[in-house]
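See below for the structure under consideration.
The values are calculated or read from the model by the stated rules, or taken from the named source; none is laboratory data. Here the structure is a predicted model, which means the values were calculated and not measured. Counting neighbours? That spans all protein chains shown, and the Cβs are built from the backbone with ideal geometry, glycine included. SASA here: full protein model, heavy atoms, side chains in, ligands and nucleic acids out. Shrake-Rupley method; radii C 1.70, N 1.55, O 1.52, S 1.80 Å.
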Amino acid sequence: MDFYDVLKKRRSIRSYKNDPVPEESIQRIAEAVYFAPSACNMKPWKIKLVTDPGLRAQIAANYTQPWLAEAPAIAVIIGNNKQCWQRFEGNPAVDIDVGIAMEHLVLAATAEGLATCWICAYEIKKMNAVLKVKDPWNVLAISPLGYANAAPKDVPHKDINKIFEVI
Ligand SMILES: Cc1cc2nc3c(=O)[nH]c(=O)nc-3n(C[C@H](O)[C@H](O)[C@H](O)COP(=O)(O)O)c2cc1C
């Protein structure tokens with residue numbers, strides 16, 4: 001798929017079939033993540049693709065919307081806020097690195113014909129406990145991964161001139 005078509009096709013999908021994700025797609029998605037840039041090339045993150053039904057159910061129980069439980073896999077990205085580049089002001093850049101890596105996964109999944117939805121609206125402490133993630137690591141985002149069961153409704157977009165300007 002053309003890169004720009006991938007960008008236009010990617011949407012947050014909130015309804016999933018339970019067909020499994022093909023192994024070849026998982027491998028290509030992993031490779032897409034492998035090429036993600038990060039500050040000082042530290043890659044202070046790790047992605048766990050959870051397919052185990054019991055663990056998926058526990059993750060879904062920590063999120064408010066029932067559709068998360070429908071997906072055959074859930075991608076979880078954990079970030080290390082100590083072993084990452086610290087900005088000159090002293091704050092860790094882990095969120096930026098995690099955002100880039102996760103979006104590589106999301107776009108690669110779209111190119112594979114798969115659906116995703118960024119999810120951050122959960123209590124990090126509780127999600128850490130479910131996934132046995134310990135300080136200085138945190139579960140910073142998750143996403144279902146699978147085939148869409150329904151097309152999403154259109155969403156409004158801010159005027160392009162309000163979000164991008166050449167100065
Ligand atoms: C950092 C981040 C966190 C998000 N968290 C959630 C979430 O917890 N639950 C959810 O349903 N969507 C979540 N979204 C999806 C946004 O609501 C969605 O991207 C936005 O409404 C635009 O729709 P689109 O992705 O279909 O273009 C999140 C997106 C981002 C980038």
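A few points about this structure:
- Residue check for residue 142: under 19 Å from the mean Cα position of the chain (by Cα) and either more than 23 Å from residue 51 (Cα to Cα) or among the aromatic types (Phe, Trp, Tyr) (or both): no
- Of 41, 91, all but one fail to be without any contact (Cβ under 8 Å) to a residue 24 or more places away in the chain, at positive phi and not small (Gly, Ala, Ser); the exception is 41.
- No other residue among 138, 128 is farther than 18 Å from residue 17 by Cα, in contact with a Gly (Cβ under 9 Å, 6 or more places away or on another chain) and among the polar types (S, T, N, Q) apart from 138.
- Residue 3 being more than 18 Å from the chain's Cα centre (by Cα), closer than 28 Å to residue 155 by Cβ, away from the ligand (no atom under 15 Å from the Cβ) and modelled with pLDDT of 95 or more: yes
- Odd one out for residue 47 among (1) without any contact (Cβ under 8 Å) to a residue 60 or more places away in the chain; (2) part of a helix (DSSP H, G or I); (3) closer than 25 Å to residue 100 by Cβ: (2)
- Qualifying residue in segment 1-18 (condition: more than 24 Å from residue 150 (Cβ to Cβ) and either touching a residue at least 60 places away in the same chain (Cβ under 8 Å) or among the charged types (D, E, K, R) (or both)): yes
- Test: residue in segment 77-93 that is under 23 Å from residue 129 (Cβ atoms) and among the small types (Gly, Ala, Ser): yes
- Any chance residue 73 is touching a helix residue (DSSP H, G or I) at 6+ places or on another chain (Cβ under 8 Å) and more than 16 Å from the ligand (Cβ to nearest atom): yes
- Pair list, Cβ under 7 Å, 6 or more apart: segment 107-133 residue more than 11 Å from residue 59 (Cα to Cα) and open to solvent by less than 20 Å² (accessible area, probe 1.4 Å), other residue part of a loop (DSSP other than H, G, I, E, B) and within 11 Å of the ligand (Cβ to nearest atom): 110/10; 115/13; 116/13; 117/13; 117/14; 119/63
- Each residue in segment 21-66 was checked for being farther than 24 Å from residue 94 by Cα and in contact with a strand residue (DSSP E or B) (Cβ under 6 Å, 6 or more places away or on another chain), and 3 of them qualify.
- Given (1) more than 20 Å from residue 51 (Cα to Cα); (2) under 15 Å from the mean Cα position of the chain (by Cα), number of the condition residue 74 does not satisfy: (1)
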